[in-house]
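What follows is a set of notes on a single structure, which appears directly below.
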Amino acid sequence: MLYWLGLVLKNHIFLFNVLRYITFRALMAVILSFLITLALSPIFMRKVTALNRLYGGYVREDTPEAHSKKKFVPSMGGLIIILSLELASILLMRLDIAQTWIMAFTVLGFAAVGFIDDFAKLKNKKGISAKAKMLGQIVVSFISALLLYFVMHIDTHIYFPFFKSLKLDLGYFYIVFTMLVLIATSNAVNLTDGLDGLAIVPAMTTAFALGIISYVAGNSILAKYLEIHYVENAGELAIFGMAIVGAGLGFLWFNSFPAQMFMGDVGSLGLGAALGMLAIMSKQELSLIIAGGVFVIEALSVIIQVSVFKITKGKRVFKMAPIHHHFELNGTPEPKIVVRIWIVSILLAIFTIATLKLR
Ligand code: 57M
């Protein structure tokens with residue numbers, strides 16, 4: 001919205017001229033979404049804590065001892081994150097491109113599935129069934145995939161990091177591929193969100209890396225120079241990526257150890273879908289695997305644990321999955337596990353950006 005203000009007023013008030021630039025609007029997105037999450041969280045925490053006490057709080061059974069005292073920590077803080085992301089994108093992204101609206105729909109759709117589960121958990125301690133949750137994600141991701149394919153006419157090729165000209169056209173299968181990316185990413189973030197601050201920083205570093213790559217992919221000169229696939233309007237996605245960084249910083253203010261608030265499935269599913277969409281719309285789906293490597297490792301630890309447990313009828317590879325609980329049961333303090341995983345996610349983000357040159 002402010003983009004047009006810049007266009008209209010640029011000849012009258014020079015200051016508004018900067019609103020036309022993606023870099024300026026991206027920096028504004030960090031600041032705006034940070035301030036929204038920082039300002040709204042205290043009142044939100046008070047409201048949800050009262051609700052928590054009314055319903056008796058939530059903590060999974062079979063949980064490491066350290067978690068039982070987290071029973072009354074308010075969850076669903078992801079509502080504030082999603083609100084700040086949507087506000088920042090409506091205010092700072094261009095509204096005349098499909099990317100803005102398809103991103104908004106997808107994030108809201110996955111967040112809604114998460115919210116329904118969170119609210120059900122509050123009341124019946126179990127949440128909605130895994131089948132219902134998966135069905136909701138399939139419906140939302142299917143609609144998003146159809147919008148990408150038939151409205152935005154997305155390029156159905158996938159491009160490979162490190163290779164200049166290697167690409168693979170998926171054709172109609174790209175619709176299924178889009179659904180897989182969205183569902184896998186949102187569930188991987190969901191699984192990772194099991195320690196204070198553990199999911200939000202990798203989400204920020206992944207969003208930052210994908211935001212930088214989106215900016216380059218949307219700039220015909222830079223894309224040509226770096227020989228990456230040019231994607232029209234991808235630069236606007238950098239604004240959304242930076243909004244995730246800002247909202248993440250505001251949320252981390254309260255979610256860092258000892259957490260005063262959890263993001264809930266509304267946050268983890270919504271953020272995961274946002275990261276998936278960032279990668280899809282900038283045609284960097286495979287770079288997401290590198291940048292979001294922490295989420296990949298966490299999800300793989302669960303897949304390995306459950307598969308080996310079933311095949312061997314009881315053997316465990318890890319003391320507990322996801323892998324952050326394995327470290328916890330090994331006696332590593334929670335804050336140390338979290339900061340070490342942050343370090344890995346920062347290094348992965350730097351390496352992902354470096355792949356722009358490594359080709
Ligand atoms: C997401 N949710 C946390 C909070 C957060 C198949 C199986 C691996 C599934 C997995 C699972 O249930 N994952 C769901 C993890 C929960 O966090 C809530 O959920 C939201 C995110 N979805 O925002 O609202 C608990 O995590 C802790 N937490 C923090 N700080 C945070 O900032 O301490 C969360 C955020 C919170 C709080 O205690 O209550 C969760 O784990 O439920 N299951 C598991 O992860 C369980 N692993 C397991 O069962 N492993 C088995 C098999 C199935 C792989 C095994 O290893 O044999 C572990 N979950 C927990 N404790 N909490 C078991 C131990």
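The values are calculated or read from the model by the stated rules, or taken from the named source; none is laboratory data. Everything quoted here is computed from the prediction, not taken from an experiment. FYI the Cβ positions are ideal-geometry reconstructions off the backbone, even for glycines, and counts take in every protein chain you see.
Values computed for the structure shown
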read-out	value
Every residue from the range 270-284 that is under 18 Å from PHE177 (Cα atoms) and buried (at least 24 other Cβ atoms within 10 Å of the Cβ)	GLY272, ALA273, ALA274, LEU275, GLY276, MET277, LEU278, ALA279, ILE280, MET281, SER282, GLN284
Pick from the range 159-202, criterion surrounded by fewer than 19 Cβ atoms within 10 Å (Cβ to Cβ) and in contact with a strand residue (DSSP E or B) (Cβ under 6 Å, 6 or more places away or on another chain), ranking: farthest from GLU334 (Cα to Cα)	ASP169
Test: residue in the range 96-111 that is over 24 Å from LEU288 (Cβ atoms) and either at pLDDT below 95 or in contact with a helix residue (DSSP H, G or I) (Cβ under 6 Å, 6 or more places away or on another chain) (or both)	yes
Residue within the range 213-220 that is closer than 18 Å to ILE36 by Cα, assigned to a helix (DSSP H, G or I), under 17 Å from the mean Cα position of the chain (by Cα) and β-branched (Val, Ile, Thr) present	no
Some residue of the range 221-229 being surrounded by 22 or more Cβ atoms within 10 Å (Cβ to Cβ) and either small (Gly, Ala, Ser) or at pLDDT below 95 (or both)	yes
Residue selected from the range 305-316 under the condition of a type outside the set (Phe, Trp, Tyr) and near the ligand (Cβ under 9 Å from one of its atoms), by the criterion surrounded by the most Cβ atoms within 10 Å (Cβ to Cβ)	GLN305
Criterion violated by ILE290 - all others in (1) under 26 Å from MET103 (Cα atoms); (2) crowded, with 21+ Cβ neighbours inside 10 Å satisfied	(2)
Whichever residue in the range 197-212 is of a type outside the set (A, V, I, L, M), away from the ligand (no atom under 16 Å from the Cβ) and more than 9 Å from the chain's Cα centre (by Cα) and, among such residues, is nearest to LEU278 (Cα to Cα)	GLY211
Any hit, the range 22-44, residues being modelled with pLDDT under 90, touching a Leu at 6+ places or on another chain (Cβ under 9 Å), crowded, with 16+ Cβ neighbours inside 10 Å and assigned to a helix (DSSP H, G or I)	no
From ALA259, ALA291, ALA247, residue being farther than 22 Å from PHE142 by Cα and within 9 Å of the ligand (Cβ to nearest atom)	ALA259
Residues satisfying the stated conditions in the range 294-304, i.e. free of Cβ contacts under 8 Å to residues at least 60 places away in the same chain and within 12 Å of the ligand (Cβ to nearest atom)	LEU300, SER301, ILE303, ILE304
Residues of the range 148-180 satisfying the condition of being aliphatic (A, V, I, L, M), closer than 17 Å to ALA104 by Cα and part of a helix (DSSP H, G or I)	LEU148, VAL151, MET179
Test set (1) modelled with pLDDT of 95 or more; (2) crowded, with 21+ Cβ neighbours inside 10 Å - LEU83 fails condition number	(2)
